[in-house]
Amino acid sequence: MIPVEEQLRVITSGAQNIVPLEDLRKKLEQDRPLNIKLGVDPTSPDLHLGHAVPLRKMRQFQDLGHHVTLIIGDGTALIGDPSGKNTTRPQLSSEQIAQNAQTYVDQAVKILDPEKLTICHNAEWILSMDLKKLLEVCSRFTVARILERDDFTKRYNAKTPIALHEFLYPVMQAYDSVVIKADVEMGGNDQLFNLLAGRELMEKMGMEPQICLTMPLLEGIDGVRKMSKSYGNYIGLTDSVDDMFGKTMSIPDEMIVRYMRLASPLSVDEVDAIEQGLADGSCDPNAEKRHLARALCDMYHGAGEGEAAEERFNSRFRDHEMPENIAEHPCELGETVYLPALLKEVGFAGSSSEGRRLIDGGGVKLNGEALPGGTYEVEGASLDGAVLQAGRLRYVRIVRK
RNA sequence: GGGAGUGUGCCCGAGUGGUUAAUGGGGACGGGCUGUAAACCCGUUGGCUAUGCCUACUAAGGUUCGAAUCCUUACGCUCCCA
């Protein structure tokens, strides 16, 4: 295995919290493959780049020669993680959980090396636990210790209900670490409390306690709020290559290095060099953003896909060429066609009034020619086979039904 | 249980009887510029085949020639006291 200091440079790159760093060094000095744990909650089927951040860090551990254990929290999902929530989470059905878990694994193996990966389902040991065992584990925690947790404190003070079973979430997650004998547990920074509970439980049960390593929560493509499906600022791992490339190109320049470091497969050395280059002006931000976009597309869609996506991107967005494949929209074409209604019909406008405004604002083109304001009526025959365009991005080919 | 507020368009927020589809900001969309970044400039942001018509300021009633603005009730939210 490579020298400890080298390993630490890779491991600490982009990490938010390592508790305690000194103990991590000691573990690495044992010069053996460490067991790195990441628990995932299969509560949502769609993964985005933010979810990939801890997975990327896991991959770096693998590349350094360590072993990774991915725990599918199909047992803990029945409880629902209280992290960052101010209400009790709804409990999911087992079918839903199983389905989400499968999607998660499908995505995760695109990032992780399957050779150095163990996947477990914690329902295996959590749901089969008998009361005696449960009591033994629970006795290691005090109520005060669990209540210390910020989320609980807030809810308790705010008098919002905390169901008794929610106390068990950190306890069960901690028990996972005991079962798989974790050396390091990873998570987003909001997971720190849960990770620390694992450290505590292991110590109380006479084991060498795990190291807690948290990663920052990645900002979305707006560069401000954390990446989240509900904010609509996410890059989905299953997004099409073109979407993935395009969305990446729209992130603020300030986010380039952060995305590279946290979510891309670029090496720490490369990222360090680029960061330096961007700071002193010897690297071009646009070129580096393209570099990032290609790297992400290659990782999720296969080698070479990034370059292909870039070419399409150039033709469409830089050179403003019409895309090759334009969806066809069959519709009735009378003698004359009321264009605002057609814009509404094809989904370019929410109402025909909005369609009118779009035309008046010069945003509507027919076969590449901008229509002058007030052009609401168009000859039906001239529309057959014509390309209708709204703004720079939306195209549709009109054909007679 | 008692008391005080408050509810406006996608969001925030002006407006306290009369040229009001309702000031302003954010967001979004369109145009220019361009690197689908930032910054900047301009336009649009209730519906309707439309110099007009219709529906709108939580909901339902009421007062008035006239209501987002006043009154009543309901619902939602906030705060204080017990």
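The values are calculated or read from the model by the stated rules, or taken from the named source; none is laboratory data. If you're wondering where the values come from, they're calculated on a predicted model, not measured in any experiment. For neighbour counting, all protein chains shown are included, and Cβ atoms are generated from backbone atoms with ideal geometry for every residue, glycine included. Heads up: the accessible areas ignore ligands, DNA and RNA and are worked out on the full protein's heavy atoms, side chains in. Shrake-Rupley method; radii C 1.70, N 1.55, O 1.52, S 1.80 Å.
For the range A:31-49, a residue qualifies if it is over 18 Å from the mean Cα position of the chain (by Cα) and surrounded by fewer than 19 Cβ atoms within 10 Å (Cβ to Cβ), and the qualifying residues are A:D31, A:R32, A:P33. Against the test of being of a type in the set (V, I, T) and over 38 Å from the mean Cα position of the chain (by Cα), the options A:V346, A:V364, A:V387, A:V399 yield a single qualifying residue, A:V399.
Quick grid of which residues meet (1) touching a helix residue (DSSP H, G or I) at 6+ places or on another chain (Cβ under 7 Å); (2) within 16 Å of RNA strand B (Cβ to nearest atom); (3) open to solvent by less than 40 Å² (accessible area, probe 1.4 Å):
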site: A:N194; (1), (2), (3): yes, no, yes
site: A:E203; (1), (2), (3): no, no, no
site: A:E219; (1), (2), (3): yes, yes, yes
site: A:S230; (1), (2), (3): no, yes, no
site: A:I235; (1), (2), (3): yes, yes, yes
site: A:V257; (1), (2), (3): yes, yes, yes
site: A:I274; (1), (2), (3): yes, yes, yes
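Buried (at least 19 other Cβ atoms within 10 Å of the Cβ), touching a helix residue (DSSP H, G or I) at 6+ places or on another chain (Cβ under 6 Å) and in contact (Cβ under 8 Å) with a residue 12 or more places away in the chain: is that true of A:V268 in this structure?
Numbers: buried (at least 19 other Cβ atoms within 10 Å of the Cβ): no; touching a helix residue (DSSP H, G or I) at 6+ places or on another chain (Cβ under 6 Å): yes; in contact (Cβ under 8 Å) with a residue 12 or more places away in the chain: yes.
No, not satisfied.
A count restricted to the range A:237-255 and to residues that are open to solvent by 10 Å² or more (accessible area, probe 1.4 Å) and not in a helix (DSSP H, G or I) stands at 5. Scanning the range A:260-272 for residues that are touching a Lys or Arg at 6+ places or on another chain (Cβ under 9 Å) and either assigned to a loop (DSSP other than H, G, I, E, B) or within 13 Å of RNA strand B (Cβ to nearest atom) (or both) returns A:S264, A:P265.
In the set A:S230, A:S177, only one residue is of a type in the set (S, T, Y), in a helix (DSSP H, G or I) and more than 30 Å from A:A309 (Cβ to Cβ); that residue is A:S177.
Among the residues of the range A:161-206, those that are out of contact with any Ser or Thr (no Cβ under 9 Å at 6 or more places or on another chain) and aromatic (F, W, Y) comprise A:F167, A:Y175. Does the range A:172-201 hold any residues that are under 14 Å from A:N35 (Cα atoms) and hydrophobic (A, V, I, L, M, F, W, C), and which are they? A:V178, A:V179, A:I180, A:A182, A:V184, A:M186 - these are the residues of the range A:172-201 that are under 14 Å from A:N35 (Cα atoms) and hydrophobic (A, V, I, L, M, F, W, C).
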